[in-house]
Amino acid sequence: MTEKPKVRRRRGYVCGCCAVCCREMIVPVNDADVRRLAKSSGLTPARIVGFYGSRHVEFDDESPLWVYTRYGARIMALKRIGNKCRFLNSAGRCRLYANRPSTCRTFPYEIRFNGSPQRPVIERTDWMPCPAQPGLVMDWDKVLWARLREKREDDRFYRRLRVWEETGTGRTTDLLDFLFG
């Protein structure tokens with residue numbers, strides 16, 4: 001079992017629930033995120049995810065997020081309806097908050113472990129404007145455990161993607177069948 005990271009209480013940011021992140025970000029998801037969302041929403045994976053290329057997202061060319069399809073490199077992310085996350089309701093709240101993707105659970109923080117889950121580096125994201133106000137932070141233990149879970153899920157997902165790329169047809173529909181079929 002993973003030993004619990006040691007974190008001092010620190011000031012952070014309090015979410016103002018403005019939903020800017022739900023409107024501005026394309027949120028990468030892994031297969032575990034999609035399974036949770038499918039179970040809680042009743043939607044199929046094909047209705048939950050979209051595949052976005054470099055025209056829509058900026059990641060390093062070496063990022064394991066890229067899926068190599070017959071149409072080029074794509075990132076599997078939450079499908080957007082118009083200019084917002086498909087799960088954002090008319091009041092600007094997430095309809096599936098309890099089952100939201102791991103990326104959403106840790107935003108606006110980037111948490112890196114640099115080889116040791118006992119010494120996390122926590123920084124406020126600088127690649128996306130977030131109007132959250134300084135204040136006492138959410139439960140850091142929850143944030144760190146969410147990030148540890150996300151890392152385990154992501155590592156498994158990336159391994160599965162590489163297997164599919166070697167054996168698959170390059171069609172995103174076949175990838176969804178491979179992951180969820």
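Filtering region 18-49 to residues that are open to solvent by less than 10 Å² (accessible area, probe 1.4 Å), under 16 Å from GLY181 (Cα atoms) and in contact (Cβ under 8 Å) with a residue 40 or more places away in the chain leaves ASN30, ASP31, ASP33, VAL34, LEU37, VAL49. Take the conditions (1) surrounded by 19 or more Cβ atoms within 10 Å (Cβ to Cβ); (2) over 17 Å from the mean Cα position of the chain (by Cα); (3) closer than 14 Å to ILE26 by Cβ; TRP66 misses just one of them, which is (2). Note on region 80-114: residues that are open to solvent by 60 Å² or more (accessible area, probe 1.4 Å) and either of a type in the set (Lys, Arg) or under 16 Å from the mean Cα position of the chain (by Cα) (or both) amount to 7.
Residues are listed down the side, and each one gets a yes or a no for (1) under 30 Å from TRP164 (Cα atoms); (2) of a type in the set (D, E, K, R); (3) at pLDDT 95 or above:
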site	(1), (2), (3)
ARG9	no, yes, no
CYS22	yes, no, no
MET25	yes, no, no
ASP31	yes, yes, yes
GLY53	yes, no, no
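Filtered by the rule that a residue be open to solvent by 40 Å² or more (accessible area, probe 1.4 Å) and over 21 Å from VAL27 (Cβ atoms), region 160-172 gives ARG162, VAL163, GLU165, GLU166, THR167, THR169, ARG171.
Residues satisfying the criterion are absent from region 68-83 (criterion: over 28 Å from ASP174 (Cβ atoms), at pLDDT 70 or above, hydrophobic (A, V, I, L, M, F, W, C) and touching a Cys at 6+ places or on another chain (Cβ under 9 Å)).
If only residues of region 126-137 that are surrounded by 15 or more Cβ atoms within 10 Å (Cβ to Cβ) and of a type outside the set (Gly, Ala, Ser) are counted, the one that is modelled with the highest pLDDT is CYS130. Collect the residues in region 69-79 that are charged (D, E, K, R) and open to solvent by less than 50 Å² (accessible area, probe 1.4 Å), keeping them in residue-number order. Correct list: empty.
The values are calculated or read from the model by the stated rules, or taken from the named source; none is laboratory data. Fair warning: this is a prediction, and the values are worked out from it, not measured in the lab. Every residue, glycine among them, receives a Cβ derived from its backbone with ideal geometry; neighbour counts consider all protein chains shown. The accessibility values were calculated without ligands, DNA or RNA, using every heavy atom of the protein model including side chains. Shrake-Rupley method; radii C 1.70, N 1.55, O 1.52, S 1.80 Å.
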